[in-house]
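Down below is the structure, laid out as structure tokens.
The values are calculated or read from the model by the stated rules, or taken from the named source; none is laboratory data. Source: prediction; values computed, not measured. When we count neighbours, we look across all protein chains shown, and the Cβ atoms used for this are built from the backbone with ideal geometry, even at glycine. Only protein heavy atoms, including side chains, enter the accessible area calculation; ligands, DNA and RNA are left aside. Shrake-Rupley method; radii C 1.70, N 1.55, O 1.52, S 1.80 Å.
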Amino acid sequence: MKLEQSKLEGNRTIQISGSKSISNRLLILESLFSNIQIGNLSNSQDTDMLTKALSETSIEVREGYKKQIEASEQNAEVVDIHHAGTAMRFLTSYFSIFEGRDTILTGSGRMKERPIKNLVNALRDLGADIEYMENEGFPPLKIKGKKIIQSTVNVPANISSQFITSLLLIAGKLENGLEINLVGDITSRSYIEMTLDIITKFGIKATFNGNVIKVEPFSNPSSVIHYEVESDWSSASYFYSICALGRETIHLKSFYKQSTQGDSAIADIYEKLFGITTTFSEDEHKITLQPDPNFSFPEKIELDMNNCPDIAQTLCVTASALKIPFDISGLGTLRVKETDRLQALYNELKKIGAETEITDSTIQSVSFGEPEENISIKTYQDHRMAMSFAPFCLIKELNIEEEDVVEKSYPMFWKDLSTILIS
Ligand SMILES: O=C(O)C1=C[C@@H](OP(=O)(O)O)[C@@H](O)[C@H](O)C1
Ligand SMILES: C=C(OP(=O)(O)O)C(=O)O
């Protein structure tokens, strides 16, 4: 995607679709239990992948399916979820309790490099039957669905919170409920809290004290629950970056003041660091991002982003574009996402003039110089690389390679961007 050097057209409104994280949790719950209606479901490719994987596996169909499989002794169903990490992790638990069904759960080349061992170990400890088909600790998996009766498990919590969420989503369905003891540091904690918020709104009883999460068994909500998904704050982050560089007002919908998405931290972060105030219009669920024209930027940015890892790339690009020194910690999980995001940032920030140093879990600026003449940003098949570098067109024209990657989380990104830029 060639992006001309542009200015920001003020006062436009952008409607972003539902949170990918919330949507994917609700889809699993909808499939395990009934009586749920979802509004503003994410239009992301990851959510489509999950919807497809779950189609015809809802609870009602499951009973019939079980008999069908027993009768015909069919081979395992193959489910390919491509790049969708949450889908991979959530479906591992889901298919583990899908009695009578054998599933081969696989994904893209990159998915086969993303860890899943702690989740598989936890499920095996609970009694699940899962085998690795290629490399120990990584997808693809062969899962023989069966009834799980064990109810306590230890899970290391420092690699991915998605393992914990995956277990929490099936927990209510287990005959004896589930007690999870989180071992070690807890990464991406906000996502675990989001899951607990969703399951408890659903009627499932759960507590989180110290390092222990307890979930009681649950049958079904007594009446239909309507869940309106708040729009995606990770997607909104790119407009905060655009606002910080373009210094004009932007409106975004549909967002709430009380959000369960950890990435809503972007509002406070961009207010403190870049003078972008956010006002909420409760009745329209609209937020207005407004730059303070007299704001003086900080001398240095020091931030731990363990709770909101998906907006780290956004922040690094904004700070580099404004040449504000930064030192960001808490980013260990970035190494095992769609690409090694720390390495990708290190490589591509150079092109816009920022030299950095990276460690296992940090990125720090070293110096700022002039951007390259013909900037062409590689995305490494990572949607967030494409979207986080796009705002740089407010400073200088650039090319973003593999533009279609945005579809993973935000298919309308380029179209929405074009409505607020004037070249
Ligand atoms: O549960 C979720 O919806 C997510 C959890 C986070 O992953 P980790 O816990 O692996 O950091 C986040 O990066 C991902 O985009 C979505
Ligand atoms: C890391 C992400 O997604 P997932 O882990 O679900 O692939 C993301 O959307 O930034």
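Summary table below
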read-out	value
Hull volume in cubic angstrom per residue (convex hull over the Cα atoms of the chain)	131 Å³
Exposure of residue 232 as accessible area (Å², to 10), given a probe of 1.4 Å and all protein chains	10 Å²
The chain - charge dipole about Cα centre, Lys and Arg +1 at Cβ, Asp and Glu -1, debye rounded to 20	560 debye
Positive-end extreme of charge dipole, the chain - chosen from 29, 222, 418 (charges on Cβ)	222
Cα shape, the range 227-290, gyration tensor, a/c 1.5 rule	prolate
Residue among 233, 213, 252 farthest towards the positive dipole end of the range 181-300, charges placed on Cβ	213
For residue 152, distant residues with modelled amide H under 5 Å away	179
Globularity index of the range 375-421, i.e. its alpha-carbon radius of gyration over 2.2 N^0.38 Å	1.05
For the chain: accessible area per residue (Å², 1.4 Å)	40 Å²
Amide H contacts under 5 Å for residue 102, placed H, 5+ residues apart	77, 145
Long-range tail of P(r) for the range 318-380 (Cα pairs > 19 Å, %)	28 percent
Filtered GluC sites (Glu not before Pro), the range 155-221: DSSP coil and at most 15 other beta carbons within 10 Å	175
Around residue 42: net Lys/Arg minus Asp/Glu count, Cβ-Cβ under 13 Å	-3
Relative packing of peptides 291-298, 251-258 - highest average C-beta neighbours within 10 Å first	251-258, 291-298
Two-site FRET efficiency, residue 34 against residue 399, from Cβ-Cβ distance with R₀ of 60 Å, rounded to 0.05	0.80
Gain on full stretching of the segment that runs from residue 364 to residue 277 - 0.36 nm per residue minus C-alpha separation	28.8 nm
For the range 219-346: rounded, prolate or oblate by the Cα gyration tensor [a/c cutoff 1.5]	oblate
FRET efficiency, 1/(1 + (r/R0)^6) with R0 22 Å, evaluated for residue 129 and residue 220 via beta carbons	0.25
Separation of alpha-carbon centers, the range 193-209 and the range 289-353, rounded to whole Å	31 Å
Cβ-based charge dipole, the chain, positive-most Cα from 1, 409, 326	409
Residue among 281, 237, 42 with the largest mean-square fluctuation in a Gaussian network model of the chain, springs linking Cα atoms under 10 Å	281
Calculated from backbone phi, Karplus (6.51, -1.76, 1.60) coupling profile of the range 20-32 in Hz, x at Gly/Pro	5, 5, 5, 4, 5, 5, 5, 5, 5, 4, 4, 6, 7
Scattering profile of the range 142-227 at q = 0.11, 0.12, 0.16, 0.17 Å⁻¹ [log10 I(q)/I(0), Debye over alpha-carbon scatterers]	-0.30, -0.35, -0.62, -0.70
Carbon and sulfur %, accessible surface of the chain computed with the full protein complex present, 1.4 Å	45 percent
Computed helical MRE - 222 nm, the chain, DSSP H runs ≥ 4 contributing -39500 (n - 2.57), nearest 500	-10000 deg cm²/dmol
